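See structure below.
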Amino acid sequence: MKVANGYEYVAILEGIAPKKYAMDGDPIGLQIGDLARKVRKIMFTLDVLENVVDEAISKGVDMIIAHHPLLFRPLKKIDFSTPEGRIVKKLIKHDIIVYAAHTNLDIADGGVNDALSELLGLTDTEIIVPTYKESYSKIAVYTPDFAEESIRLALVNNGAGKFSDLYSECTFSVDGTGRFLPGDEANPTIGKPGDLEAVQEVKIEAIFPHSQMDRIIKAVKLSHPYEVPVIDIYPIENVESAMGLGRIGDLPKAMELQGFIGLVKEKLSMENVRVIGNTNRSVRKVAIIGGDGNKFIHDVKRAGADVYITGDIYYHTGHDLLAIDLPTIDAGHYIEKVMKASLRKQFEETTQAQNYEVELIISEQNTNPFTFY
């Protein structure tokens, strides 16, 4: 097994929640530490508070992956007598890396809002607020027929061949004859320098997000038996995917809003929620935006939601919600804690596939600042 460094785990996180998805000005990424160091234990947390850091120290954690950036507001000085200064001191002293994935994890497929939607059993989910569009390209790889499967796997295991959330590993293959004349300095896999060679080859095609091109080409080259593989890239103008904040989807069947409030509390492990609007109605189409969802209420209304789940609703925004007749469940910001288990599960799949020696744990600290009586 391999002991990977921080950069290699950031690469896994980037594969789940690319930085490019983040909202402008969001201070994501490395917060503290040296990504070149070896990492044997990673802890996932919603917030990086002092009790979380103390937990990490006691458990021998090498890297903390958080949803909320530790350095959300820039520090003008590091005063060890302040709470912020004590946290920084402890992290540096114990050589703990802190890395944050915030709005990029909110937006990403399989991120915070998808995890919340899954817990509530929503189906046919769509984004609410588009924030990013991804263009697509097509790759065509020519390979001898004996290497067809290894090349196909190199493609689909590195982001190619996925078409929407409904289909994956989509490739097309066609047989043909490849001809080439190796030069005197060549070291061909098949044939000899100076002899014209004809080989039964397969052309394998797949579409992919253009941003993944370098990764896919590298994987193909590593798997290809030829000294100089032939790889063609074509832009595609009729395929693109949109990413964005929030999800809206359907419950398996309509239910009374009062009963749905109980379901939300149960599934999201909340003792109390705040509710805005008339609860004597039936709901089926549910919108959810983890965190502070105040400025998106009109987007949610236009999307046709019967009920809106979010957090941190302001007093006057509550009046606006009443005015537009959008029942809202303010479940608080802390519901985003679902990212801990969701992210660990995704890391487990990738680290096992790559044979990394690492322990993945979830912070046990409750970082919700609110207590209800």
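The values are calculated or read from the model by the stated rules, or taken from the named source; none is laboratory data. No experiment lies behind these values; they were computed from the predicted model shown. Glycine gets a Cβ as well: all are built from the backbone with ideal geometry, and neighbour counts include every protein chain shown. Ligands, DNA and RNA are stripped out before the accessible areas are found, and what is left, the full protein with its side chains, is counted by its heavy atoms. Shrake-Rupley method; radii C 1.70, N 1.55, O 1.52, S 1.80 Å.
Things worth noting here:
- Of all residues in the stretch 1-10 being farther than 9 Å from Tyr356 by Cβ and in contact with a Lys or Arg (Cβ under 9 Å, 6 or more places away or on another chain), the one that is surrounded by the fewest Cβ atoms within 10 Å (Cβ to Cβ): Asn5
- Some residue of the stretch 358-371 being under 30 Å from Arg302 (Cα atoms), modelled with pLDDT of 95 or more and not in a loop (DSSP other than H, G, I, E, B): no
- For the stretch 49-75, a residue qualifies if it is part of a loop (DSSP other than H, G, I, E, B), open to solvent by less than 10 Å² (accessible area, probe 1.4 Å) and under 18 Å from Asn368 (Cα atoms), and exactly one does: His67.
Residue-wise test of (1) surrounded by 14 or more Cβ atoms within 10 Å (Cβ to Cβ); (2) of a type in the set (Gly, Ala, Ser); (3) out of contact with any helix residue (DSSP H, G or I) (no Cβ under 6 Å at 6 or more places or on another chain); (4) not in a loop (DSSP other than H, G, I, E, B).
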position: Ser173; (1), (2), (3), (4): yes, yes, yes, yes
position: Pro182; (1), (2), (3), (4): yes, no, yes, no
position: Asn187; (1), (2), (3), (4): no, no, yes, no
position: Gly194; (1), (2), (3), (4): no, yes, yes, no
position: Val199; (1), (2), (3), (4): yes, no, yes, yes
position: Lys203; (1), (2), (3), (4): yes, no, yes, yes
position: Ala206; (1), (2), (3), (4): yes, yes, no, yes
position: Ser211; (1), (2), (3), (4): yes, yes, yes, yes
position: Ile216; (1), (2), (3), (4): yes, no, yes, yes
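- For Val88: the one exception among (1) assigned to a helix (DSSP H, G or I); (2) among the aliphatic types (A, V, I, L, M); (3) under 29 Å from Asn158 (Cα atoms): (3)
- The stretch 281-307, residues that are free of Cβ contacts under 8 Å to residues at least 24 places away in the same chain and open to solvent by 40 Å² or more (accessible area, probe 1.4 Å): Lys295, Arg302
- Filter pass, Thr310 being of a type in the set (Ser, Thr, Tyr), open to solvent by less than 20 Å² (accessible area, probe 1.4 Å), at pLDDT 95 or above and over 23 Å from the mean Cα position of the chain (by Cα): no
- Any chance Asp95 is part of a loop (DSSP other than H, G, I, E, B), under 27 Å from Glu357 (Cα atoms), modelled with pLDDT of 95 or more and open to solvent by 60 Å² or more (accessible area, probe 1.4 Å): yes
- Total residues in the stretch 32-48 satisfying the condition of being open to solvent by 60 Å² or more (accessible area, probe 1.4 Å), over 26 Å from Thr82 (Cβ atoms) and part of a loop (DSSP other than H, G, I, E, B): the figure is 1.
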